[in-house]
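In what follows, a structure is listed as C-alpha cells, so that the remarks can point back to it.
No lab work stands behind these numbers, since they all come straight from the coordinates. These figures come from a predicted structure and were not determined experimentally. Reconstructed Cβ throughout: ideal geometry from the backbone, glycine too, with neighbour counts over all protein chains shown.
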Amino acid sequence: MTAFALTGPQRAFAEQVRSMAAEKLRPIAEAGPPHPIGSLAFDGVRVDRAELLGEPDRGFRVAMRTLDLFRPSVGAFAVGMAQSALDAAVRHAGTRTAFGGPLKDQQAVSHLLAEMATRTEAARLLVYAAAAAYDAGEEGITSRSAMAKLFATEAAQFVVDAAVQIHGARALRQGHLLEHLYREVRAPRIYEGASEVQRSIIARELYRAV
C-alpha cells in the first residue's frame, strides 16, 4: 500500500504531499460498511526516511504517476463487469420466450445486445492499449490511461443498465448478479478521478502536443 500525507499547510498543495510505502506502518482501521471502498486512520504513526518514496515533499508527482497505472486497472475492472452483464443478457435473451419467440429475435433487443458487445470490446481494447503503452514506457500515457478509464467505466454503466432492461424486474431481486453489478458499477466512474476529470485531462493533453 502507498500512503500520501500533507506536510505543511503553508505551501502549495503539490509541494506538501509526501508519499510513503505503508507496509510497515501501523494504521488504526476505522469501522465502516462491508464494502471494498473503505477508509484507514493513521494515529501517531512514525514514518522513517527509508519509507519515503521519491524526494521529500514531492509526493504529488508520485501520485500522478501512480494514477497513470491505476486508471487502466479501473478500466479493466469495468470491462469485467460489462462482460459479465453482457454474458448474462445474451443467455437470458436466448432462452426467454416473448411475443411468440425467443427474446433475441426482437430487433430492439438484438440491436441493444450488439451495442453492448461493441462498447465492451472497444473498452477492452482501450484498456489493453493503455496498459501496453505503460509497460513500454511510451509517451502520452497520461492521456491514454484517462481515455481507457473514462470509456471503460462509462461503457460498463451502459452495458449493465441495458442488461437489467433486457432481464426486466427479475434483475432487481436481491442476490441477482445484475442487482449486484448495478450497485457496484457506479463507483468506478468516480474513484481515481471522476469522468469529468478524465475529460479535462484528455483535453489538456491534446494542447500539450500543439
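Here are the numbers:
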quantity: Dipole-positive endmost among Ala148, Leu181, Ala194 within region 62-208 (Cβ charges, Cα centre); calculated: Leu181
quantity: Qualifying trypsin sites (Lys or Arg not before Pro) in region 149-190, DSSP loop, other Cβ atoms within 10 Å at most 16; calculated: Arg173, Arg186
quantity: Electrostatic dipole magnitude of region 62-208 [Cβ: Lys, Arg +1; Asp, Glu -1; Cα centre; debye, to 20]; calculated: 300
quantity: Sparsely packed GluC sites (Glu not before Pro) within region 107-210, loop by DSSP, other Cβ within 10 Å at most 13; calculated: Glu138, Glu139
quantity: Residues with amide H under 5 Å from that of Arg58, placed H, sequence gap 5 or more; calculated: Ser19
quantity: Relative compactness, region 62-208, computed as alpha-carbon Rg over 2.2 N^0.38 Å; calculated: 1.16
quantity: In sequence order, calculated HN-Hα J values of region 88-97 (Karplus, 6.51, -1.76, 1.60; Hz; x Gly/Pro); calculated: 5, 5, 4, 4, 5, 5, x, 10, 7, 9
quantity: Of the chymotrypsin sites (Phe, Trp or Tyr not before Pro) in region 77-151, those whose Cβ has at most 10 other Cβ within 10 Å and which sit in DSSP loop; calculated: Phe99
